[in-house]
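The values are calculated or read from the model by the stated rules, or taken from the named source; none is laboratory data. This one's a predicted model, so the numbers in the text were calculated from it and none came from an experiment. Quick reminder, even Gly has a Cβ in these numbers, built from the backbone with ideal geometry, and neighbours come from all protein chains shown. Side chains are part of the model used for accessible areas, which takes the heavy atoms of the whole protein and leaves out ligands, DNA and RNA. Shrake-Rupley method; radii C 1.70, N 1.55, O 1.52, S 1.80 Å.
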6 protein chains.
Amino acid sequence: MRIKLINPNTTWSMTEAMTACARQVAAAGTEVTGVSPEMGPASIESHYDEALAVPGLLQEIERGERDGYDAYVIACFGDPGLSAARELAQGPVIGIAEAAMHMASLIAPSFSVVTTLARTSGMAWHLAERYGMQRFCRNVRACEIAVLELEDPASDARARITDECRRALAEDGAEAIVLGCAGMAELCAAIGRDIGAPVIDGVTAAVKLAESLVALGLGTAKRGELARPLPKAYHGLLREFARS
Amino acid sequence: MRIKLINPNTTWSMTEAMTACARQVAAAGTEVTGVSPEMGPASIESHYDEALAVPGLLQEIERGERDGYDAYVIACFGDPGLSAARELAQGPVIGIAEAAMHMASLIAPSFSVVTTLARTSGMAWHLAERYGMQRFCRNVRACEIAVLELEDPASDARARITDECRRALAEDGAEAIVLGCAGMAELCAAIGRDIGAPVIDGVTAAVKLAESLVALGLGTAKRGELARPLPKAYHGLLREFARS
Amino acid sequence: MRIKLINPNTTWSMTEAMTACARQVAAAGTEVTGVSPEMGPASIESHYDEALAVPGLLQEIERGERDGYDAYVIACFGDPGLSAARELAQGPVIGIAEAAMHMASLIAPSFSVVTTLARTSGMAWHLAERYGMQRFCRNVRACEIAVLELEDPASDARARITDECRRALAEDGAEAIVLGCAGMAELCAAIGRDIGAPVIDGVTAAVKLAESLVALGLGTAKRGELARPLPKAYHGLLREFARS
Amino acid sequence: MRIKLINPNTTWSMTEAMTACARQVAAAGTEVTGVSPEMGPASIESHYDEALAVPGLLQEIERGERDGYDAYVIACFGDPGLSAARELAQGPVIGIAEAAMHMASLIAPSFSVVTTLARTSGMAWHLAERYGMQRFCRNVRACEIAVLELEDPASDARARITDECRRALAEDGAEAIVLGCAGMAELCAAIGRDIGAPVIDGVTAAVKLAESLVALGLGTAKRGELARPLPKAYHGLLREFARS
Amino acid sequence: MRIKLINPNTTWSMTEAMTACARQVAAAGTEVTGVSPEMGPASIESHYDEALAVPGLLQEIERGERDGYDAYVIACFGDPGLSAARELAQGPVIGIAEAAMHMASLIAPSFSVVTTLARTSGMAWHLAERYGMQRFCRNVRACEIAVLELEDPASDARARITDECRRALAEDGAEAIVLGCAGMAELCAAIGRDIGAPVIDGVTAAVKLAESLVALGLGTAKRGELARPLPKAYHGLLREFARS
Amino acid sequence: MRIKLINPNTTWSMTEAMTACARQVAAAGTEVTGVSPEMGPASIESHYDEALAVPGLLQEIERGERDGYDAYVIACFGDPGLSAARELAQGPVIGIAEAAMHMASLIAPSFSVVTTLARTSGMAWHLAERYGMQRFCRNVRACEIAVLELEDPASDARARITDECRRALAEDGAEAIVLGCAGMAELCAAIGRDIGAPVIDGVTAAVKLAESLVALGLGTAKRGELARPLPKAYHGLLREFARS
């Protein structure tokens, strides 16, 4: 089975780190390929960044279809372009916010999300609603750590995230933690040990869900909303996105 | 007051038609400029099209800010890129689905949406939920008319849409109709007369809401989620979208 | 265009003040007439007051219909008698809570209401739900200022309201403020400047929405729930309310 | 124990009929007094009628307090003036829609409401939401029988209502029926026998709930929203409603 | 009328205490029989305890049917086995959480639940949702008193519960209190007097609701979900539960 | 990895069939053990059956803990005893309704459930709500096939279920199907081929989710609601269920 993991930002070092995490949980026989789009923002911290990450992401999905991938993971906690990607793909496409929230709801009656910047909290709540996970989500907490700061070994990111996780348990009454950024994947196990409660990272969760769906013979529903986009003209810089 | 009306698809004839509709309702002293993006799809009928309409749309918003526009209307019923556009703009940005649904809820206890292709119904429901308008929305009905077909004088689009509106009143118990495509703006008044119930077109509704907010001295909230995007590097085809 | 602004309480000085606010935002060509009912409470601070403000309000709507008004604004934050008024009117009828909440949702992902007495908070929440605006409403905060106290120049109403608005931004994470009383209309612009965030007053918002709907040729839906009331006998003190 | 049953319309023959029903279910030791207000509409079939039924109703509550009643029933399915009445009363005040819906939810996983005119269906849905009973309510069905027609022995009201109840069981999958008008109280038992499913009438249900709350020593919560209205001036025709 | 009150735990002293409370509010002519199951846990403080209390409870319902009881009360705040019990019974079956929440919603716009152990809070919220009472429920507060501790005269249970009730009024803005354990029934009146707000105990509330439904001639709906269970084989320890 | 699959009914032939299905999708290295409880109903078709299946199920979970199983699947579409089982288990416990609904929501914007008897539809809706999956669930459709009939090779179960699935696609607009009984697991692939849309069986879905969680190092959250039950006395037939 071949899974294509797409980090929608263009920071390749993050892509490598999260691909390594993905491979650690993948089953024997699952090959995970990690990529970044050729175009778009270095990190995703606003609706603007998110919107502009999508064209490059869709290009990677379309290439993936030509290359025969079985499933895709979109590895940014805003799950950018998820529905559009599903229109292109025959197999499953899983977002990491979606994956983490669903998995959390299977092992705990409640969770809090611990994320990077407060300005993205609204997006996390919006996704929770869209996936039906709002009823499990006690809070979305921001550490006010920029996404690329997570990569800086000199930063105290791990300590600050761990502290916020502890506050989520104590103040929100959350029974599990969802990490709100693909860049936190590497920290997941250590934080879980430190706080003594389940901590769910979306990258690894999404890989397992994608694997599971493929094993079950299930792909994206192709009647109705997620059918292949209709062919039509595209203009200007994006003319190559036309589909026939 | 200067309002920039952005038709997010690249079919300029539609832009002209909807701009004419917009000008008919604009107040004396309101100048409406209608544009299409330089890049993107000829029509928007899928999540894929919608995602790829957004970069060109955001470019027009950013230009509009440099040109000192007071407000913006996004004239596609999927309200593509609305939150991202709001991050860029100081003044109000109004989507036409948003405008039509809000206006309908002010004059009727219920409405049905009559739109183009069934595959976009899910998007309309999603927007209704996001805007809090789901409780007023009885149904989303598709005529299975492609967007560009609306422009064809030889088509029977008006008759088919009118029939669907009548069914919405009779079968859904809807008390008003929301037209689910900017390309239907020209038909609004005639259909309203034919069916004897309020018919709301989002293009004109959005122009009046944008005007109203400007007259009230209200712009987009710039603290929190809709603050200006942070500066960062952008790569590849989209590198010009980097903000500093 | 002629809009009738009805202050449902019988304190004429408040009516004059809010009519002046309304006229400041009205378009050239819009004539705003402000009235108070001939009967009812001097201020509305309970369900009881609200219920007893409605007969006088409906009398003003019925007179307005005879006088050919194009639209109505009900200028009390409980939006008393809104559905009944809509049954009587051909044109739009807009409540100020409704107007302020809808407008706030167009420019901010969240708002808090700052109102007079805590005992009216439940009504504000109830309206937010009814209009679909609950999802945007972070909190309803009371200053414990009586309605008529707002008119007393010696009171510190403006300072107390401004403080409560600041707390709403800081503690609720609200991104905009909705003022919860028609008597606060005059303070709107000044508070907005002081707190540096959008502050929405329902009186002016409702005038612009009423104007907009009239400009769009839209009136109240007259099939179904909001059809004219059926003729029937009325008895006692209210016998003059019989309709034929 | 003394319960005051207030029929908010001014059709005394209906008041007598429903008072008789109420007395049939009242416990030994419960005295039920049935009244109609001195002012207001002969029947309630619109928001307008409902609003104008409230002053007379509140007058009866206030008199009831002076006369020492233990509890009140508001016997119109729109539950007009319920919150205002609760502000005035020390003891419980129960609306018949409220009573019927709550009781239905205790014996069946779902119910449909069968009511008079379709134009009142929106009100029934609104009440279902307000009481938390929307999740049990499958449908609101109208027989298009005017309220006063229910009293006409020559009408075929019973047959038409029974038919509609049968359709509710078959088409909605409802497991119980809530009768949507106080004027249907007399028919309740017979329809229940005819259709072989529980049929709940609000008048009798409300009497039992009022009795129960009094027996439990429970009255209306007097802190917060339902505290006694503040004293203030009232003007014009309604000046007698001023409270001190 | 004969009501069977089933305390689903096997601590007979609690059964006696709550039966005494029930009898104090029962109408003349109502006979209340209090029982504990022959099998199951001494107290119910987890999903596990709750699940294992149900077989003994159902045995008592089945016996009750043979003995001709008119109605049943399930006297544990988790309302264990409620739907299963309703399948067995012809008459009404009322849970005490259900009863208390419904009754609270009739006299107050909001309530908080004050219960025993925090680990049961999720169950209380789940029930509030299921009954439609979530919108009235401000908070579920735990005193961290074990169920059997409530019986210990040397404990300070009453003081601790009263303190928590006062905090609910002050911090949650609750206007009434629902006691979250059948073992608190005896304390209800005293706490109500102490805090000056309505305090609702589910045991007594349920008795009155059961009485009311029987007086109205209403039993459990026997078509659809709550029809008698189908006959089938049962094995092992529970083989006696087979129904024919 | 060792997963214990518990069929909560006592029909061993069904257990064998579903265990075979489970093993077909299990990863290399996953050992699936299928069991039926020693006590309880031969099939589960009512709340009564479901309640009485739980003690035997919990006994199997407790034995599983002693035997060191990594995860559990509860293989009945009512997900009986799920929360109680989670209190006992360290590892994940997955219900098949839960698994199927979550998986369906990852590949389709909507699904309908096709189940056995109509009387269980309410349970399916209740679970959909509890898991947050109600927003994806278009309908719950019953074939009126008894559970044990599914095993009868002479029955036309497969044809009837396939027809109902087709109706779900056509009439509900569902884009995927969730099979509403563990006894349908064997039919899943064939029906999917026949109807040309994704068909999700909960047994296999749950096995993959359980496997995934174990691979991620995630178990049930042990603070709060799902902590191990407190030790206490148990009486009568169920005294062996006491925990110390």
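Summary table below
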item: Answer from F:Leu88, F:Leu52, F:Leu82 - the residue that is under 13 Å from the mean Cα position of the chain (by Cα), facing chain E (nearest Cβ under 10 Å) and of a type in the set (A, V, I, L, M); result: F:Leu82
item: Extreme residue, least open to solvent (accessible area, probe 1.4 Å), among residues of region A:12-32 that are within 30 Å of F:Ala210 (Cβ to Cβ) and among the small types (Gly, Ala, Ser); result: A:Ala22
item: Breaking point among (1) surrounded by fewer than 24 Cβ atoms within 10 Å (Cβ to Cβ); (2) among the hydroxyl-bearing types (Ser, Thr, Tyr); (3) out of contact with any Ser or Thr (no Cβ under 8 Å at 6 or more places or on another chain), for B:Tyr48; result: (1)
item: Search result, residues across region C:131-145 that are farther than 10 Å from C:Ser110 by Cα and either surrounded by fewer than 19 Cβ atoms within 10 Å (Cβ to Cβ) or among the aromatic types (Phe, Trp, Tyr) (or both); result: C:Tyr131, C:Ala142, C:Glu144
item: Output for region D:78-90, where each listed residue is open to solvent by 10 Å² or more (accessible area, probe 1.4 Å) and out of contact with any helix residue (DSSP H, G or I) (no Cβ under 6 Å at 6 or more places or on another chain); result: D:Gln90
item: Scope region F:144-157; condition out of contact with any Cys (no Cβ under 9 Å at 6 or more places or on another chain) and within 20 Å of F:Thr15 (Cβ to Cβ); matching residues; result: F:Ala146, F:Leu148, F:Glu149, F:Glu151, F:Asp152, F:Pro153, F:Ser155
item: Residue that is farthest from the other protein chains (Cβ to nearest Cβ) [pool: residues in region A:21-33 that are touching a strand residue (DSSP E or B) at 6+ places or on another chain (Cβ under 9 Å) and free of Cβ contacts under 8 Å to residues at least 40 places away in the same chain]; result: A:Thr33
item: Residue within region E:216-223 that is assigned by TED's automatic domain parsing to the domain that holds E:Arg63, modelled with pLDDT under 95 and either over 18 Å from the mean Cα position of the chain (by Cα) or of a type in the set (A, V, I, L, M) (or both) present; result: yes
item: Residues being within 14 Å of chain E (Cβ to nearest Cβ) and in contact with an Asp or Glu (Cβ under 8 Å, 6 or more places away or on another chain) - total across region F:91-106; result: 1
item: Failed criterion for C:Ala185 (all others in (1) closer than 21 Å to B:Val214 by Cα; (2) modelled with pLDDT of 95 or more hold); result: (2)
item: Test result for D:Tyr72, within 21 Å of D:Leu218 (Cα to Cα) and in the same structural domain as D:Ala215 (by TED's automatic domain parsing); result: yes
item: Index of the failed condition, F:Glu164 passing every other in (1) in contact (Cβ under 8 Å) with a residue 12 or more places away in the chain; (2) in contact with a helix residue (DSSP H, G or I) (Cβ under 8 Å, 6 or more places away or on another chain); (3) more than 12 Å from every other protein chain (Cβ to nearest Cβ); result: (2)
item: Every pair of residues 6+ apart whose Cβ atoms lie under 6 Å, when the first sits in region E:222-233 and is crowded, with 20+ Cβ neighbours inside 10 Å while the second is modelled with pLDDT under 95; result: E:Pro229/E:Arg243
item: Filtered residues of region F:202-221 (kept if more than 7 Å from chain A (Cβ to nearest Cβ) and open to solvent by 10 Å² or more (accessible area, probe 1.4 Å)); result: F:Glu211, F:Val214
item: Test result for E:Val35, hydrophobic (A, V, I, L, M, F, W, C), open to solvent by less than 40 Å² (accessible area, probe 1.4 Å) and in contact with a Pro (Cβ under 7 Å, 6 or more places away or on another chain); result: no
item: Residues located in region F:112-152, provided they are outside any helix (DSSP H, G or I), within 14 Å of chain A (Cβ to nearest Cβ) and in contact with a strand residue (DSSP E or B) (Cβ under 9 Å, 6 or more places away or on another chain); result: F:Ser112, F:Tyr131, F:Met133, F:Cys137, F:Arg138
item: Matching residues, region D:205-223, being part of a loop (DSSP other than H, G, I, E, B) and either of a type outside the set (Ser, Thr, Tyr) or closer than 9 Å to D:Ala71 by Cα (or both); result: D:Leu216, D:Gly217, D:Leu218, D:Gly219, D:Ala221, D:Lys222, D:Arg223
item: Residue among C:Ala22, C:Ala84 that is assigned to a helix (DSSP H, G or I), under 23 Å from B:Ala28 (Cβ atoms) and small (Gly, Ala, Ser); result: C:Ala22
item: Subset tally (residues that are touching a residue at least 40 places away in the same chain (Cβ under 8 Å) and in contact with a helix residue (DSSP H, G or I) (Cβ under 7 Å, 6 or more places away or on another chain)) for region C:57-72; result: 6
item: Residue count, region D:187-201 (criterion: more than 9 Å from chain E (Cβ to nearest Cβ) and within 16 Å of E:Gly224 (Cα to Cα)); result: 1
item: Among (1) without any contact (Cβ under 8 Å) to a residue 24 or more places away in the chain; (2) crowded, with 23+ Cβ neighbours inside 10 Å; (3) touching a Leu at 6+ places or on another chain (Cβ under 9 Å) - the single one A:Thr116 does not satisfy; result: (1)
item: Some residue of region A:56-68 being open to solvent by less than 10 Å² (accessible area, probe 1.4 Å), within 15 Å of the chain's Cα centre (by Cα) and among the small types (Gly, Ala, Ser); result: no
item: Qualifying residue in region D:228-235 (condition: out of contact with any Phe, Trp or Tyr (no Cβ under 7 Å at 6 or more places or on another chain) and in a helix (DSSP H, G or I)); result: no
item: Boolean, E:His102 is open to solvent by 10 Å² or more (accessible area, probe 1.4 Å), in a helix (DSSP H, G or I) and in the same structural domain as E:Arg167 (by TED's automatic domain parsing); result: no
item: Members of region B:170-186 that are closer than 20 Å to C:Arg223 by Cβ and either open to solvent by less than 10 Å² (accessible area, probe 1.4 Å) or more than 10 Å from every other protein chain (Cβ to nearest Cβ) (or both); result: B:Ala170, B:Glu171, B:Asp172, B:Ala174, B:Ala176, B:Ile177, B:Val178, B:Leu179
item: Hits in region B:37-59 - residues which are touching a Gly at 6+ places or on another chain (Cβ under 8 Å) and assigned to a loop (DSSP other than H, G, I, E, B); result: B:Pro37, B:Glu38, B:Met39, B:Ile44
